[in-house]
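Read the structure below first, then the notes.
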Amino acid sequence: FTNGMNHDVFISYSSKNSAAAQAICHELEDNNIKCWMAPRDIPVGAKYASVITQAIKECKAVVLVFSEYSAISPWVESEINIAFSNRRPIVPYKIDTTPLENYDEFYLMLNNRHWIEAYPDFKTRFADLVTVISSLVGAKSSNVTKPTPAPAKTYKVGDYYNDGVREGVVFEVSADGRHGKIVSMMQSAERLQWSYDGAEQDRLIGANSETNGAYNMAKVKAISGWEAKYPAFKWCADLGECWYLPSKEELKTFTLNDAVHDAVNRTLIARGGTNLYDRGEWMGYWSSTEDNRKVLFGEICAWVVDMDLGYINYDNKSIYYYVRAVSAF
C-alpha cells in the first residue's frame, strides 16, 4: 500500500512496541482493513516526515498503540497532533497501565476518545479493535469464524499468577477479580541504590506519583543512560517490559498491610519464592516515588518502607535498600 497511499488505517507507535504494532497490523489486514505503518510503507529514499504526514492525511482512522514508550515519543506525539489537526478519528489501543492524565498533550487530544484497554496481553482485545475500526472505515471483516474465548480467569489477593510471561503473587485486585497487580516472586539479592549517579541523586526527575509506579518508571526510562544511573529501577526492568518499581502506596499495600503481606508470603513460600521481610526485621524496600526534601548528605529523597519500625519514610537516593518489582494484569 506504499506508493498509492491506498490505506484505511495509519498505525502510530513507538519503535519499542514494534511487535505489538505489527501484530495489530496483521490482525486488521486479515480482516480486510488496509494499514499503513512505518518503516514498512516508506519508499526507499523518501523523506520520512513528508511521507508520514501524507499517510496520516489520507487515512480514514488512526490506531495509536499507547504505552509508556509512545507517551514520551516525540514522533508519536507529532503524528497524533497531525491526525488531530486533520480531524482523523483516533482509536487509542492501550497496551500497558501508563496513565493518560499524566501526559498533557495526549490528554488534551484523547481524553474523550474511545479507549481500548488491552493489557497485560495486547492480543486479548483484537476483536474489539476490528469492530471499532471496521465501523470507522466501512470495511467488512473476515468471514472466518473465530472461537469464543474462554471466560476470563479471576483472582483474589494471595493467588499465584503465571501468564507464561510473568510470575508473581496477587496483592491487589479489582472488584470483578479480572485485573490487579502482582509482586515478583524474587527480590534483589542485595541492597541497591535508588540512584547511583551523584548528579541524578540531587535533582527531581518527576517520579512523583504516589499510586502508579509505572508512571515513575517511565520518567526514569526517559533519562539518557538510566540503566547505569538507577540500579533499583534497572533490577525491575531486567525482569521484563511490564515490571516496574512500586510506587509509595503500592509498596505499602504488600508490606505494611498485614493481611495482604501474610497472604502474599504464604504463596511465595509455598511456590519457592523469596518471602517478604516481616515487621521487626531490620530491612527496607525502595519505592519509586521521590520526595522533595533533603537529609543527611543533601540529596533529594525517595520513599522507602522500613520493616523494622513498620512505617514508610523518606531517605537519600544514595542509600541502599532491597527491591521488589510489581506488574499490572
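How far is helix 258-270 tilted, in degrees, relative to the longest principal axis of the Cα atoms in the chain, given as a value from 0 to 90 rounded to the nearest 10?
80
Quick one: Karplus J couplings for the stretch 225-238, per residue in order, coefficients 6.51, -1.76, 1.60, θ = phi - 60°, nearest Hz, x for Gly and Pro?
My calculation for the stretch 225-238 gives x, 4, 4, 8, 9, 10, x, 5, 6, 5, 4, 5, 4, 5 Hz in order.
Full extension from ALA46 to TYR107: what is 0.36 nm times the residue separation minus their Cα-Cα distance, to one decimal in nm? All intermediate terms of the calculation are to be shown ahead of the outcome.
Details: separation 61, 0.36 × 61 = 21.96 nm, distance 3.18 nm.
Using 0.36 nm per residue and subtracting the Cα-Cα distance, I get 18.8 nm.
Taking amide H positions as placed in the peptide plane 1.01 Å from N, state which residues far from TYR314 in sequence (5 or more) or on other chains have amide H under 5 Å from it.
Sorted by chain and number, the residues that satisfy this are VAL304.
Considering only the chain, what is the antiparallel percent among its DSSP beta bridges, to the nearest 5?
Details: 28 of 42 bridges.
Counting only bridges with both partners in the chain, antiparallel ones make up about 65 percent.
Convert each backbone phi in the stretch 169-182 into a coupling constant with the Karplus relation 6.51 cos²θ - 1.76 cosθ + 1.60 (shift: θ = phi - 60°), then list the ³J(HN,Hα) values in order as whole Hz, x for Gly and Pro.
10, 5, 10, 8, 8, 6, 4, 8, x, 8, 10, x, 9, 10
Which angle from 0 to 90°, rounded to the nearest 10, does the C-alpha axis of helix 74-85 make with the longest principal axis of the chain?
Compared with the principal axis, the helix lies near 50 degrees.
Expected output is a single nm value to one decimal: the length gained when fully extending between VAL165 and ALA19, i.e. 0.36 nm times separation in residues minus the C-alpha distance. What is it? Kindly include the intermediate steps, with their values, before the conclusion.
Numbers: separation 146, 0.36 × 146 = 52.56 nm, distance 1.51 nm.
Computed gain between VAL165 and ALA19 is 51.1 nm.
If I compute log10 I(q)/I(0) by the Debye sum over Cα atoms at q = 0.06, 0.07, 0.08 Å⁻¹ from the structure I just sent, which labelled value in [x] -0.21, -0.29, -0.38; [y] -0.31, -0.40, -0.50; [z] -0.25, -0.33, -0.43 lines up?
Correct label, based on the coordinates given: [z].
Can you work out D for the stretch 1-103 in µm² s⁻¹ from Stokes-Einstein, where Rh is the Kirkwood radius over C-alpha pairs, the temperature is 10 °C and the viscosity is 1.306 mPa s? Mind dumping the intermediate values first?
Working: Rh = 13.7 Å.
Taking Rh from Cα pairs, D becomes 116 µm²/s.
What distance in nm separates the two pseudo spin-label positions at ALA222 and ASN257, each 7 Å out from Cα along the beta-carbon direction?
2.9
Provide Rg over Rh for the stretch 195-329; use the alpha carbon set for both Rg and the Kirkwood Rh (inverse mean inverse pair distance).
Values: Rg = 14.4 Å, Rh = 15.0 Å.
On the Cα set of the stretch 195-329, Rg over Rh gives 0.96.
Apply the a/c threshold of 1.5 to the C-alpha gyration tensor of the stretch 146-247 and tell me whether it is rounded, prolate or oblate.
Values: a/c = 2.36, a/b = 2.18, b/c = 1.08.
Prolate.
For the Cα atoms of the chain, what angle does the longest principal axis make with the long axis of helix 18-30, in degrees from 0 to 90, nearest 10?
40
If we sort 312-321, 273-282, 38-47 on the protection proxy, mean other Cβ atoms within 10 Å, highest first, what's the order?
On the way: 312-321: 19.2, 273-282: 14.9, 38-47: 12.0.
Top to bottom by mean Cβ count within 10 Å: 312-321, 273-282, 38-47.
Can you compute the helix-only [θ] at 222 nm over the chain? Use -39500 (n - 2.57) per DSSP H run of at least 4 residues, normalise by all residues, nearest 500 deg cm²/dmol. All intermediate terms of the calculation are to be shown ahead of the outcome.
Numbers: 11 runs with 100 residues, N = 329.
Mean residue ellipticity, 222 nm, calculated: -8500 deg cm²/dmol.
Each reported figure results from applying straightforward, stated rules to the coordinates on display, with no laboratory input. The model shown is predicted, which means the values in this text are computed figures rather than measured ones. All Cβ positions, even for glycine, are placed from backbone atoms using ideal geometry, and neighbour counts span all protein chains on display.
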